[in-house]
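J.: Please see the structure below; I have some questions.
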Amino acid sequence: MFESANIHHTMANQSKEVLYGLYDDEQVLLQAVHKAKADHLDIMDVYTPFPVHGLDEAMGLSESRLHQVGFIFGAIGALTAFLFMTWVFTRDWPIIFGGKPYWSIPAFIPITFELTVLFSAIGMVVAYYTVCGLAPGVTNPTLDDRITDDKFCLAFQTNGASQQEIDKLKSFLSASGAEEINAKII
Amino acid sequence: MNQYQIDGKLKTVLLGMMGLGLLCLILTFAYDDALHTRFWSNYLHNAVFFTGIGFVSLFVMAAFTTAWAGWYTVVKRVFEAYSLFLIPGLILMLVVIVGMWGGLHHLYHWADDKAVAADPILQGKSSFLNKNWYTFGTLIIMGIWIFFANKLRTLSVEEDMSGTPDYNHHKRMRIWAAAFLPIGGFTSAAIVWQWVMSVDAHWYSTLYAWYATVSWFVSALALIILTIAYLKSKGYLEEVTVEHLHDLGKYLFAFSVFWAYLWFSQYMLIWYANIGEETVYFRERIDNYPVLFYGNLLLNFVLPFLILMRNDTKRKYGTLIFVSLVVLFGHWFDFFQMIKPGVLHTAHEALAHGAEEGAHHGHASAPIGFLIPGLLEIGTMLGFLGGFLYFVLNRLSKAALVPKNDPYLEESLHHHT
């Protein structure tokens, strides 16, 4: 227990030694990810220039909980708007508009809708950036600039791996169709 | 199993439903007021509801074709079969037209010459709200719809037989589909004004045509989802995966929200402006139809919105079928509360005239069947539904379930949301 927590801690601070393969085609990459999972290799991450259908399932990623965040923020937005208007128009500054009652629900609906969307959208963006570790001023090292262009990358972390294990990963990458195999410390 | 066959058991059930519907119509007619208000309004309600489902299926198919939509190709034949219901739909509406010329019903206040003579508002509208416009408008517009439905269906079936690698049939379908979109858009509005909105002859709303058409749209989607679920349960449509259902579920969700948007837009503007001529429509419904008025929003917006919001509920048969049933009946209730109050008002006036002339008194204000749907209404609806499904499934069995030469078939087979 203590040991694993410790390893996690050092991994977060220490620079990562990464062995990665670059693929030319997303279908080849997808096959490689399936094969890596079947061989019980521990994938660090996969980088692609565009979303690849089926990659999430292949990597065994759990479903994103971002939409739950969106629902909660949306509900907060709806309540904020509705309760605020209720307070303003019945307690703080009651004014009669067009002969309507102070508490005119239909008139509150458009604003309630808008704040629901606004809170939900901003809440999701902030939550997403927080979880991804993205913030102004943060630099994220890239393995290779071409993974934002036309290369698909499958990366393994090799901190503390023996030469034998690294050779095994290299032979896996070349066997699965990687065009280039590089190592880098990030 | 690329060729659908109606099995004997289903045929019996559907014929039974039609028999029930006929029985209910006869009973309604027999125990009705002097003007047969309940009978005629039930008939109009269901005829309009199911004909509209046919129209929307055609319109959506034309929109999908024009937009180069690939995902729906494996369920395209269901849309085609639905659109062909316009042919019996025309016959259903012809009955209303014949009834109008024969003076058999008092569905429309503007069709009553005596009432128009004494009413400046109806006179002002008489260049559009008159028997000729109603008759020839319906005949010509529905004729055009049927022409396009047949055209798209014929090309699609021909493509199965003699499709070529240059996709000649599909290119022609695309031209016909694109031509239909503006025609269908404008004519459907005119049809909604004539068939439905004019039952409240003094009242009008510029949003009404959209609101009613989207009501049809959601009903059509719900019924299409139910049909596909049924066909899959019988082992047909193996090519249709959970991905296609997911997209249909998204449409159901999106257009339930769109319906609520239109409903609210219409309501809020009338509520805000607070002009007596306009608010009378909602005053009548809130006072006398509270269950339907608020239930409408619950069934057609709150439930589909909250249930279908999640990803997984659109991918499971249980939730998708449940929501489809809810909104199908929900929009049927929606049309009930669009049609009944206006017809009831017209009947009251006509009966009051009759009373002055010494004719019999009616009981058009009895709540069941007028203010809320009764068992006879439900039975009539099931009858029409049985007839609708019988016709549609029969059309479905006339062609292969999967259009094998459609250029988008491959895309549809590998569809992934």
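J.: Rank B:Thr241, B:Thr187, B:Thr164 by mean-square fluctuation in a GNM of chain B with C-alpha springs under 10 angstrom and give only the top-ranked residue.
T.: Result for chain B, Cα springs under 10 Å: B:Thr164 fluctuates most.
J.: At B:Tyr204 and B:Phe305, where each label point lies 7 Å from the Cα along Cα→Cβ, what is the point-to-point distance in nanometres?
T.: According to this spin-label approximation, the distance is 3.1 nm.
J.: Say each of B:Leu269 and B:Ile144 gets a label point 7 Å from the Cα, pointing the same way as Cα to Cβ; how far apart are those two points in nm?
T.: Result: 2.3 nm between the two label points.
J.: Something else about it: Which whole-number percent of Cα pairs in segment A:1-146 have a distance greater than 28 Å?
T.: Pairs farther apart than 28 Å: 50 percent.
J.: A further question on this structure: Strictly greater than 45 Å: what percent of every Cα pair in the protein assembly as shown meets that?
T.: That tail contains 34 percent of the Cα-Cα pairs.
J.: Considering only A:Ile72, A:Ile105, A:Ile166, give the residue with the highest GNM mean-square fluctuation for chain A, with springs between Cα atoms whenever their separation is below 10 Å.
T.: Highest fluctuation of the listed residues: A:Ile105.
J.: Of the heavy-atom accessible surface of segment B:8-399 (probe 1.4 angstrom), what whole percent is carbon and sulfur?
T.: Ligands and nucleic acids excluded, carbon and sulfur reach 70 percent.
J.: Which of the aspartates and glutamates could a cross-linker span from B:Lys250 if the Cα-Cα distance has to be under 14 Å and same-chain partners fewer than 8 positions apart are dropped?
T.: Reachable aspartates and glutamates: B:Asp312.
J.: A further question follows. Using the scaling law 2.2 N^0.38 Å as the reference, what is the normalised Cα Rg of segment B:7-110?
T.: Relative to the 2.2 N^0.38 Å estimate, segment B:7-110 comes out at 1.36.
J.: Please report the antiparallel percentage of DSSP beta bridges with both residues in the protein assembly as shown, rounded to the nearest 5.
T.: In the protein assembly as shown, DSSP labels about 95 percent of beta bridges as antiparallel.
J.: Quick one: divide the alpha-carbon radius of gyration of segment B:8-399 by 2.2 N^0.38 Å and tell me what you get.
T.: 1.00
J.: Additional query: Rounded to the nearest angstrom and ordered from largest down, what semi-axes does the equivalent ellipsoid of segment B:288-343 get from its C-alpha gyration tensor (root of 5λ)?
T.: Output for segment B:288-343: semi-axes of 26, 11, 6 Å.
J.: Could you do me a favour and compute the accessible area per residue for segment A:50-159, 1.4 Å probe, result in Å²?
T.: Roughly 66 Å² per residue, with all protein chains present.
J.: Among B:Gln337, B:Gln266, B:Gln194, which one shows the highest mean-square fluctuation when chain B is modelled as a Gaussian network with alpha-carbon springs under 10 Å?
T.: B:Gln266
J.: Something else now. How much area per residue is accessible in segment B:8-399 when the probe is 1.4 Å and only protein heavy atoms are counted (Å²)?
T.: 40
J.: Only helices at least 15 Å long along their axis, Cα-based, and averaging 0.5 or more on Kyte-Doolittle count here, so list those DSSP H runs from chain B.
T.: The answer, listed by residue number, is B:8-30, B:37-66, B:86-101, B:208-233, B:242-273, B:317-356, B:375-396.
J.: To continue, here is another question. Given labels modelled 7 Å from the Cα in the Cβ direction, how far is it in nm from A:Asp145 to A:His53?
T.: Here the modelled spin labels are 3.3 nm apart.
J.: Regarding segment B:140-209, what is the average projected area of its C-alpha convex hull, in nm²?
T.: Its Cα hull, projected and averaged over all orientations, spans 5.5 nm².
J.: Remind me, relative contact order of segment B:8-399 in percent, using alpha carbon pairs under 8 angstrom and six or more residues apart?
T.: That works out to 31 percent.
J.: Can you give me the relative contact order of segment A:66-132 as a percent, contacts being Cα pairs under 8 Å and 6 or more apart?
T.: Answer for segment A:66-132 is 56 percent.
J.: Between B:Gly374, B:Asn168, B:Gly21, whose Cα lies farthest towards the positive end of the dipole of segment B:8-399 when Lys and Arg beta carbons carry +1 and Asp and Glu beta carbons carry -1, centred on the Cα centre?
T.: About the Cα centre, the residue reaching furthest to the positive side is B:Asn168.
J.: Next question, about the same structure. Once B and A are treated as a pair rather than alone, how much accessible area drops out, both sides summed, in Å² to 100, probe 1.4 Å?
T.: Counting protein atoms only, the buried area is about 900 Å².
J.: Subtract the Cα-Cα distance of B:Ala63 and B:Val280 from 0.36 nm times their separation in residues, and report this length gain in nm to one decimal.
T.: Between B:Ala63 and B:Val280, full extension yields 74.5 nm more.
J.: Taking Cα pairs under 8 Å and at least six residues apart, what relative contact order does chain A come out at, in percent?
T.: So the answer I get is 49 percent.
J.: Taking N as the number of residues in segment A:66-132, what is its alpha-carbon radius of gyration divided by 2.2 N^0.38 Å?
T.: That ratio works out to 1.36.
J.: Pull up all non-local amide H partners of B:Gly369: gap of 5 or more, or a different chain, and H-to-H distance under 5 Å with H placed in the peptide plane.
T.: It is B:Gly374, by chain and number.
J.: Once you compute Rg and the Kirkwood Rh from C-alpha atoms, what is the Rg to Rh ratio for segment A:61-186?
T.: Over the Cα atoms of segment A:61-186, Rg/Rh equals 1.32.
J.: Further, regarding this structure: Residue by residue through segment A:166-173, what is 3J(HN,Hα) from phi via Karplus (6.51 cos²θ - 1.76 cosθ + 1.60, θ = phi - 60°)? Round to whole Hz and write x for glycine and proline.
T.: Values, residue by residue: 5, 4, 5, 5, 4, 5, 4, 4 Hz.
J.: How big is segment B:180-302 on each of its three principal axes, counting only the C-alpha atoms and giving the largest first in Å?
T.: Answer, in whole Å and largest first: 56, 34, 21 Å.
The values are calculated or read from the model by the stated rules, or taken from the named source; none is laboratory data. Remember, predicted model here, so these are calculated numbers, not experimental data. Using ideal geometry, Cβ is built from the backbone for each residue, glycine included, and neighbour counts are taken over all protein chains shown. Protein only, heavy atoms only, side chains kept; ligands, DNA and RNA dropped before computing areas. Shrake-Rupley method; radii C 1.70, N 1.55, O 1.52, S 1.80 Å.
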